[in-house]
Number of protein chains: 2
Amino acid sequence: MPDSILVGLNAVILAVTDETPRVLTLAGRDGRAGAAEPLQAAPGLDILPYGPLDPEADRTLELTLRNWVRERTGLELGYVEQLYTFGDRNRDPAGRAGDPRVISVAYLALVREGTPRGTERPRWRDCYRYLPWEDWREGRPELLDAEILPALEGWAGRAPTPAEESERRARIGITFGTGDFGWDAYRTLERYELLFEAGLVHESRPSDDGGRDSGLGHPMGLDHRRILATALGRVRGKLRYRPVVFELVPERFTLLRLQRVVEALVGIGLHKQNFRRLVERGGLVEGTGRLDTETGGRPAELFRFRPEVLLERRAPGLGIPGG
Amino acid sequence: MPDSILVGLNAVILAVTDETPRVLTLAGRDGRAGAAEPLQAAPGLDILPYGPLDPEADRTLELTLRNWVRERTGLELGYVEQLYTFGDRNRDPAGRAGDPRVISVAYLALVREGTPRGTERPRWRDCYRYLPWEDWREGRPELLDAEILPALEGWAGRAPTPAEESERRARIGITFGTGDFGWDAYRTLERYELLFEAGLVHESRPSDDGGRDSGLGHPMGLDHRRILATALGRVRGKLRYRPVVFELVPERFTLLRLQRVVEALVGIGLHKQNFRRLVERGGLVEGTGRLDTETGGRPAELFRFRPEVLLERRAPGLGIPGG
DNA sequence: CAGCATATGCTCACCTTGAGCATAAGGAAA
DNA sequence: TTTCCTTATGCTCAAGGTGAGCATATGCTG
């Protein structure tokens with residue numbers, strides 16, 4: 001029965017404003033919404049933009065995505081890359097046996113933040129609203145020691161066998177950085193999946209009947225929080241070896257602003273002088289001679305991206321700690 | 001018309017024997033083959049294993065893949081990761097207007113080579129049969145200066161505008177390493193796509209009526225050579241930061257053998273002593289005390305993979321040149 | 001003018017990487 | 001037995017990258 005498979009596209013659209021990484025969400029609907037939303041999100045939960053694939057329409061998947069994002073939100077996407085295809089059964093925690101199989105090809109998109117329009121209440125949300133343990137800019141989040149690690153420790157202790165118990169502890173150590181090595185910003189998905197398995201997020205607690213505050217972080221509909229975690233990990237990794245930050249800042253920017261954008265996404269603070277050295281000596285930017293006097297201190301020079309770097313260097317990214 | 005979309009899985013199954021990277025191919029069929037092979041490969045062209053997605057069957061896409069690969073080839077897959085989802089129209093160079101839209105979720109799998117069975121003539125093929133310009137182990141392939149670069153230069157010269165002409169030249173420089181920086185082993189896909197655009201591979205020459213030797217390298221059916229190029233690039237990248245080589249070698253191996261496997265995949269020769277230093281000091285392997293006397297020279301110690309490294313180091317891969 | 005805030009320049013220790021020299025230990029040839 | 005060839009293995013060194021911090025510059029505010 002090939003017709004019981006639905007194919008659609010998901011977009012994780014990221015922007016950074018006010019030193020906060022933001023993702024574009026829609027308000028989940030309350031009733032079945034037909035082909036445009038085949039999986040049913042629990043009422044009131046945020047979801048990622050989703051669109052069906054019209055086999056007759058656009059030539060490529062990416063064009064399809066750009067088109068319906070433009071139509072439904074008014075946003076013109078800049079950088080777009082395919083993220084992952086989610087096609088397992090049980091993607092909807094609230095789903096039932098007869099539900100159709102839904103294959104979602106998820107894309108990551110980076111934009112300069114603008115005001116979205118549309119009837120589905122699109123809005124920019126702080127990414128860390130959904131994944132609060134990922135933000136280490138102010139140091140280790142309290143949530144970790146206060147809630148996450150104790151709860152995970154309990155989960156490890158409930159393992160059926162001693163072997164599995166120590167395996168769980170090892171996984172906790174790697175993904176949450178409690179072992180010899182520290183926090184690895186790129187293991188976003190592994191962390192979410194661990195919390196999911198341990199039943200610490202709303203999506204993996206079927207007993208939760210919609211209470212928004214149960215579980216860690218703010219939930220999303222369907223498996224969209226998993227998709228978001230995948231996307232965040234991907235950008236974090238991508239920043240290292242491709243100059244994608246520049247998709248997120250205006251044409252002219254100060255180096256500190258650029259740094260703040262990177263920090264917002266990676267979730268850790270960076271050494272200012274070294275960041276400057278990296279980005280300047282790496283030929284990623286060039287000064288414009290103009291100054292920004294809004295800094296509050298000594299005026300900062302405004303820089304712009306130097307696209308020629310793409311022709312000169314092999315992997316022109318920002319060597320961010322942990323790589 | 002959702003039922004005019006077909007969803008299937010493709011597997012790029014890689015192994016290394018005799019210092020040659022190999023991919024498992026099937027012989028393309030001559031007639032329409034129904035759901036099991038919705039896209040029609042040109043007769044006689046090799047194709048990658050393809051299986052439909054049964055929405056009722058396995059819980060996850062990856063399990064589906066493992067199962068039908070086992071059933072159809074007798075191979076038990078080890079390491080598996082999702083590669084990319086190919087869903088554009090015109091995936092079949094020989095396709096026609098009314099063809100259904102086929103979405104293929106492609107997976108990369110690594111195995112220790114075994115003998116495949118099955119009715120579809122599965123066989124291991126040298127990856128460089130299809131992408132001969134990717135093998136730099138014996139130095140720069142002659143094919144490059146003899147055929148590829150002159151042909152690409154011609155293509156650049158035929159650009160409609162001077163701007164596009166210089167853009168083409170820049171792309172050639174980056175992907176084929178003719179510029180200031182050298183060969184970048186990871187740009188496998190970019191190179192294939194450039195050759196495709198330039199009409200230098202069989203798949204992008206509709207006029208070719210099946211002559212096997214027209215175009216560069218050996219063709220594959222549908223867009224499977226593009227999928228293979230994607231896979232090769234992915235393994236090459238993955239080797240850098242994950243210990244996936246060990247999926248391809250027997251439990252005990254000499255360091256030279258390990259190096260040869262890496263070299264086969266990455267397509268370049270490595271400095272022996274440095275490779276040893278990397279792999280030993282990185283804690284990736286441990287000596288077993290046993291010796292291999294088949295070396296032809298001084299016997300080499302047999303090593304084994306040290307899985308604990310996964311708990312100790314952050315990104316335990318092999319820092320291969322170009323990263 | 002003092003004090004504050006941010007920008008920007010520079011140094012230094014440490015580590016990694018690329019490359020090569022030198023020695024070890026087998027087998028085969030003389 | 002000795003020599004030579006082959007591969008294994010150990011070690012060194014220069015060059016460049018990275019993490020961290022000190023010092024100075026330059027605006028604004030009181």
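The values are calculated or read from the model by the stated rules, or taken from the named source; none is laboratory data. These numbers were taken from a predicted model, which means no experiment stands behind them. With ideal geometry, Cβ positions are generated from the backbone for all residues, glycine too; neighbour counts draw on all protein chains shown. We work out accessible area using only protein heavy atoms, side chains counted, and drop any ligands, DNA or RNA first. Shrake-Rupley method; radii C 1.70, N 1.55, O 1.52, S 1.80 Å.
Filtering the range A:289-305 to residues that are more than 33 Å from the chain's Cα centre (by Cα), under 25 Å from A:Val244 (Cα atoms) and within 6 Å of DNA strand C (Cβ to nearest atom) leaves nothing.
Here's the yes/no breakdown for (1) crowded, with 18+ Cβ neighbours inside 10 Å; (2) modelled with pLDDT under 95; (3) of a type outside the set (D, E, K, R); (4) over 21 Å from the mean Cα position of the chain (by Cα):
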residue	(1), (2), (3), (4)
B:Arg129	no, no, no, no
B:Trp133	yes, no, yes, no
B:Gly139	no, yes, yes, no
B:Thr161	no, no, yes, yes
B:Glu164	no, no, no, yes
B:Gly173	no, yes, yes, yes
B:Asp180	no, yes, no, yes
B:Arg191	yes, no, no, no
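Each residue in the range B:268-280 was checked for being within 11 Å of DNA strand D (Cβ to nearest atom) and open to solvent by less than 50 Å² (accessible area, probe 1.4 Å), and 2 pass.
Counting only helices (runs of 4 or more DSSP H) that sit wholly inside the range A:163-277, those with at least 1 residues that are within 16 Å of DNA strand C (Cβ to nearest atom) and not β-branched (Val, Ile, Thr) are A:224-241, A:255-266. Of all residues in the range B:281-304, which are in a loop (DSSP other than H, G, I, E, B), surrounded by 13 or more Cβ atoms within 10 Å (Cβ to Cβ) and free of Cβ contacts under 8 Å to residues at least 24 places away in the same chain? B:Pro299, the sole residue that qualifies.
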